[in-house]
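Presented below is the structure to which this report refers.
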Amino acid sequence: MPRGDGTGPSGQGPGTGRGMGRGMGRGMGRMGGSRPGAGPSGDCVCPGCGTRISHQAGAPCYELSCPKCGVKMVRE
């Protein structure tokens, strides 16, 4: 706001900052659901055959292979 009157470059006025986006008020915590670092609970799921195993803290699901078909697991 070069003149201090609330005007400025297009698209950068009040209400367009980071805090006004999609994630406000959802109560999902800092990072949310299936993202890396989503916490110790949950399951690792095989996208190939659907096998589920319990997620172990400190071992990302994407580093684990499915015990049935060998495909890399994903976090759910």
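Read the figures in this text as sums done on the coordinates, not as results from a lab. If you're wondering where the values come from, they're calculated on a predicted model, not measured in any experiment.
At a glance:
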item	result
Residues whose placed amide H lies under 5 Å from that of Lys72, excluding near-sequence neighbours	Cys66
Amide proton proximity set for Thr51, modelled H, under 5 Å, gap of 5+	Cys46
Other-chain or far-sequence residues with amide H under 5 Å of Asp43's (modelled H)	His55, Glu76
